[in-house]
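Undergrad: Below is the structure I would like to discuss, written out as structure tokens.
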Amino acid sequence: MAGNDSSGKQKPLFTLQWHVTARCDQRCKHCYMHKSETYPSEIKNELSYEDCKKIVDDFVKTTSIWGFRPRISFIGGDPLLRKDLYQLIDYAYKKGAQVVVLGNPYHVTEESARKMKELGVCRYQVSIDGMEETHDYFRKPVSFKDSVRAIKILNKTGIRTAVMFTLSKKNSDDLLKVAELCCKLGVYEFDFARLIPIGNGADMMDELFSPAEMREFLLKVHNGYESLKKRYTTKFGTKENLWKPLYYELGLIKDKDIDSLDDNSDMVVGGCSIGINYIPVLADGTVYLCRRLPISIGKVPENSFRTIFINSKKADEMRHLHNYGCSKCRLCAVCRGCPAISKAITSNEFARDPQCWF
Amino acid sequence: MIEYIQEKYLQGEQKPLMYQPITPKEEQVFRYVKNGSLDKVMSCAVCGMCG
């Protein structure tokens, strides 16, 4: 099978996070895209369908050479605002990519959900950033109710649902309530990501936890998740890299786990996915190392993913531990904190994560 | 295009990168992803929930 290696083991995934449009029905208070440097170009120079096909071809071929299964996450703005999105999904799926959509709830209808299911979409991710009042404060009125409506339709259609929560002080008290709501709604996976104070979110510096508050919060969420896991089947993601120091302190990651991975080669071996198995592309073809870390490393389809990802000096720097302010940390090789938060707060992506207590 | 590249290759020019097999540098970059080690330390790189 194309998705397996020579020993029959399933190949790992390599993800293209593809912002196929910057157009959006919302102006969220924490949006990293709107007010960004690239936004005007993303609106003006949205890639044509023909260029998008070239990008799919290159990505699928490159990941095949590297020995990965290709996963394409179509995101925006709201990807459903692209009139040719279904064509693009169809093209990507038929080329062998696993297809995921991350979008707003507004254009999810029984018809659009059925269409996405038929075309091979395996997961649809929406955002819920708090219970109704808090969520609608961040996004727009009635957005919360619409997200719940969309989840119910997607579940009924048979597309797995995922919910992402953008964490700040403003909504932190709601996180476990939203997690439980997701469990009750039958959401497949729930996770959260820290607010990155860039774009619209640059005005929200005061909403970031201190290191001590971050630890206290994660411990509370860990215990909350453990309780929910006993009653529900929803999975809880561990995208947040600062789980590592907490798990280490709780004995859930042991020294032998780290020693078995780190071969003293100065290379990162886990944690943040920058430079490992993930690449974001903006609506105008600009390639970043992380969508929330505004450093361009190339442009597609003019250049190939292979050349950009492997030859980029910045990508190489970010794969080497000695460049990081936390390089002496026991956990650096499997964590790195969040370089996007470091960059947003200190202007240096290699600085120690300002919210890490370890 | 492929024929053109093959002809150039036969004339002694190096194949463009996209027609070469995986390089030692690429093997090194991806080694931990491929052997499943990342799963052991619960990584962002395996979650697939972006945004």
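Undergrad: Looking for whichever is in contact with a helix residue (DSSP H, G or I) (Cβ under 7 Å, 6 or more places away or on another chain), open to solvent by 10 Å² or more (accessible area, probe 1.4 Å) and not aromatic (F, W, Y) here; the options are A:G120, A:G130. Which one fits?
TA: Answer to the selection: A:G120.
Undergrad: Answer yes if at least one residue in segment A:251-263 is without any contact (Cβ under 8 Å) to a residue 60 or more places away in the chain and within 26 Å of A:M164 (Cβ to Cβ), and no otherwise.
TA: Checked against the condition, which is being without any contact (Cβ under 8 Å) to a residue 60 or more places away in the chain and within 26 Å of A:M164 (Cβ to Cβ), segment A:251-263 yields at least one hit.
Undergrad: Okay, moving on. Among A:K140, A:K117, A:K145, which is the only one that is closer than 30 Å to A:D174 by Cβ, assigned to a helix (DSSP H, G or I) and among the basic types (K, R)?
TA: One residue alone meets the criteria, A:K145.
Undergrad: If a residue must be part of a loop (DSSP other than H, G, I, E, B) and within 14 Å of chain B (Cβ to nearest Cβ), how many such residues does segment A:120-137 contain?
TA: Here the count works out to 2.
Undergrad: List every residue pair whose Cβ atoms lie under 6 Å apart, where the two residues are 6 or more positions apart in sequence or sit on different chains, the first residue falls within segment A:309-330 and is within 14 Å of chain B (Cβ to nearest Cβ), and the second residue, located anywhere, is open to solvent by 50 Å² or more (accessible area, probe 1.4 Å) and part of a helix (DSSP H, G or I).
TA: Close Cβ pairs (under 6 Å, with a partner that is open to solvent by 50 Å² or more (accessible area, probe 1.4 Å) and part of a helix (DSSP H, G or I)) amount to A:E317/A:N323.
Undergrad: Here is a further query. Quick one: is A:T62 outside any loop (DSSP other than H, G, I, E, B) and within 30 Å of A:K140 (Cα to Cα)?
TA: The answer is no for A:T62.
Undergrad: Scan segment A:97-114 residue by residue and report those that are touching an Asp or Glu at 6+ places or on another chain (Cβ under 8 Å) and either within 13 Å of chain B (Cβ to nearest Cβ) or part of a helix (DSSP H, G or I) (or both).
TA: A:G103, A:N104
Undergrad: Let me ask something additional. Under the condition of being aromatic (F, W, Y) and assigned to a loop (DSSP other than H, G, I, E, B), which residue from segment A:304-358 is farthest from A:I253 (Cα to Cα)?
TA: This residue is A:F350.
Undergrad: Residues that are in contact with a strand residue (DSSP E or B) (Cβ under 9 Å, 6 or more places away or on another chain) and among the acidic types (D, E): does segment A:210-227 have at least one?
TA: no
Undergrad: Which one of these does A:D266 not meet: (1) open to solvent by 40 Å² or more (accessible area, probe 1.4 Å); (2) at negative phi?
TA: If we test A:D266 against (1) open to solvent by 40 Å² or more (accessible area, probe 1.4 Å); (2) at negative phi, just (2) comes out false.
Undergrad: Give the residue, chosen from A:E42, A:E37, that is open to solvent by 50 Å² or more (accessible area, probe 1.4 Å) and away from every other protein chain (no Cβ under 14 Å).
TA: One residue alone meets the criteria, A:E37.
Undergrad: Count, please, the residues in segment A:290-308 that happen to be free of Cβ contacts under 8 Å to residues at least 60 places away in the same chain and over 20 Å from A:A202 (Cβ atoms).
TA: Total satisfying the criteria: 7.
Undergrad: Hey, can you tell me all the residues within segment A:65-123 that are within 16 Å of the chain's Cα centre (by Cα) and of a type in the set (F, W, Y)?
TA: If the condition is that a residue be within 16 Å of the chain's Cα centre (by Cα) and of a type in the set (F, W, Y), then A:F74 is the only one that fits.
Undergrad: If A:V287 meets every condition in (1) surrounded by fewer than 24 Cβ atoms within 10 Å (Cβ to Cβ); (2) in a loop (DSSP other than H, G, I, E, B); (3) not charged (D, E, K, R) apart from one, which number is that one?
TA: (2)
Undergrad: For segment A:170-224: of the residues being open to solvent by 10 Å² or more (accessible area, probe 1.4 Å), in a helix (DSSP H, G or I) and within 14 Å of chain B (Cβ to nearest Cβ), which is modelled with the lowest pLDDT?
TA: Ranking the candidates gives A:G199 first.
Undergrad: Which one is nearest to the other protein chains (Cβ to nearest Cβ) among residues in segment A:234-285 that are hydroxyl-bearing (S, T, Y) and closer than 22 Å to B:V29 by Cα?
TA: Taking the candidates together, the pick is A:S273.
Undergrad: What about A:L246, is it open to solvent by 30 Å² or more (accessible area, probe 1.4 Å), at pLDDT 90 or above, among the hydrophobic types (A, V, I, L, M, F, W, C) and within 30 Å of A:G201 (Cβ to Cβ)?
TA: No: the conditions fail for A:L246.
Undergrad: Which residue out of A:S143, A:S73, A:S112, A:S64 is touching a Pro at 6+ places or on another chain (Cβ under 8 Å), polar (S, T, N, Q) and open to solvent by less than 20 Å² (accessible area, probe 1.4 Å)?
TA: A:S143
The values are calculated or read from the model by the stated rules, or taken from the named source; none is laboratory data. All figures in this text were calculated on a predicted structure; none of them were measured in a lab. All Cβ positions, even for glycine, are placed from backbone atoms using ideal geometry, and neighbour counts span all protein chains on display. Calculation scope for accessible area: heavy atoms of the full protein, side chains included, ligands and nucleic acids excluded. Shrake-Rupley method; radii C 1.70, N 1.55, O 1.52, S 1.80 Å.
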